[in-house]
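Data first, discussion second: the structure below is written as structure tokens.
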Amino acid sequence: MNIRYLLGVIFSIPLLPLMYYQGRRIRASVPQLPEAKEIQGKCRSNEKSESTIKVVFLGESTIAGVGVETHKEGFTGTFASELSKLLNINITWKVYARSGYTARSVEKELIPKITEKQVDLIVIGLGGNDAFTLNQPSKWKAQIRSLIESINSIFPKAIVIFCNMPPIKEFPAFTPLIKFTVGNLVEILGKELQKAVNDYKHTFYFGEKITLKGWVDKFQLNVEKEDFFSDGVHPSKLTYQTWAKDITNEISKNEIIKNALRKHKAFST
């Protein structure tokens, strides 16, 4: 068993009643925001490329766009727009995501709903709900492997990318106790996710730890911490767009991903 996880369990057990009470108070104080509208779209390259790829997004509330009105201004729309510019390709995209979903529920509930016959790139955002429900690292790793294998069985040529784990320790709405316990767990789950991804071809995890100060410095943002959140928990428009730009910039520098897409004829007319 993961030693860090075991120590966290030992530390947390006496505090579970307090964590439960704090969790209920947070849930009551945080507004229930809807998921974003307009779950699909198209992005055309500025250079009139004839190449097109199909992108599917899977995941929890961040991929579902909680905190913005439409996906076009959230993570998924920005991701598609930025990647289209960086790689000089046209992109058609669609979102399959639900607030509150875990790795297991994404596999069992969302993958069967994908209607596309061909998908070139699958982008997945998970981790928050698995951490909130105190999922065990070994169980999480097995569920991630099962999710990847389910995707590979349907779309064997698709490139699969897992996004960074959520920066729970930065959430303003959370108490120090929840930031510490759940925040540490999400970091442990991220390490297990990396181990799982390493076992599969054409599957990647962008696991750089997100910090708001890091983003402020990297993108030279003149903002306050509160500007990154829509409700103290979910991202704001600023955060979604910064996150999408950060990941697409890394993709554009990753020759393995670009070559893999070309090898699998994802760049097709």
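One table, with the values for the structure above:
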| read-out | value |
| --- | --- |
| Gyration tensor (Cα) of region 184-242, equivalent ellipsoid semi-axes in angstrom | 27, 13, 11 |
| DSSP-defined antiparallel bridges as percent of all bridges, region 3-263, nearest 5 | 20 percent |
| Stretchable slack from Thr133 to Gln194, in nm (0.36 nm times residue separation minus alpha-carbon distance) | 19.9 nm |
| Note, ³J(HN,Hα) from phi for region 35-45, Karplus 6.51, -1.76, 1.60, rounded to Hz, x at Gly and Pro | 6, 5, 8, 6, 7, 8, x, 9, 10, 9, 5 |
| Dipole magnitude of the chain about its Cα centre (Cβ charges: Lys, Arg +1; Asp, Glu -1), debye to nearest 20 | 560 debye |
| Positive-pole candidate from Ile159, Phe229, Ile114, dipole of region 114-269, charges at beta carbon | Ile159 |
| Interchain or long-range residues, amide H under 5 Å from Tyr205's placed H | Phe162 |
| Ellipticity estimate at 222 nm from DSSP helix runs (n ≥ 4, -39,500 (n - 2.57)) divided over the chain, nearest 500 | -13500 deg cm²/dmol |
| Set of lysines near Lys225 by C-alpha distance (under 16 Å), chain-local residues within fewer than 8 positions excluded | Lys169, Lys179, Lys213, Lys237 |
| Cubic angstrom per residue, convex hull over Cα atoms of region 3-263 | 125 Å³ |
| Extension gain, Lys37 back to Ser150 (0.36 nm per residue minus Cα-Cα distance, nm) | 38.0 nm |
| Cβ-derived FRET efficiency at R0 30 Å, Gln118 paired with Lys209, nearest 0.05 | 0.30 |
| Cβ-based charge dipole, the chain, positive-most Cα from Trp140, Gln22, Leu126 | Trp140 |
| Spin-label pair Ser252/Lys48, simplified geometry with 7 Å Cα→Cβ offset, distance in nm | 2.2 nm |
| Whether region 97-199 is rounded, prolate or oblate, judged on the alpha carbon gyration tensor where a/c under 1.5 counts as rounded | prolate |
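Only the coordinates and a few stated rules stand behind these numbers; no lab work does. Since the structure is predicted, the reported quantities are computational estimates derived from the model, not experimental observations. Heads up, the Cβs are rebuilt from the backbone with ideal geometry, glycines too, and the neighbour counts pull from every protein chain shown.
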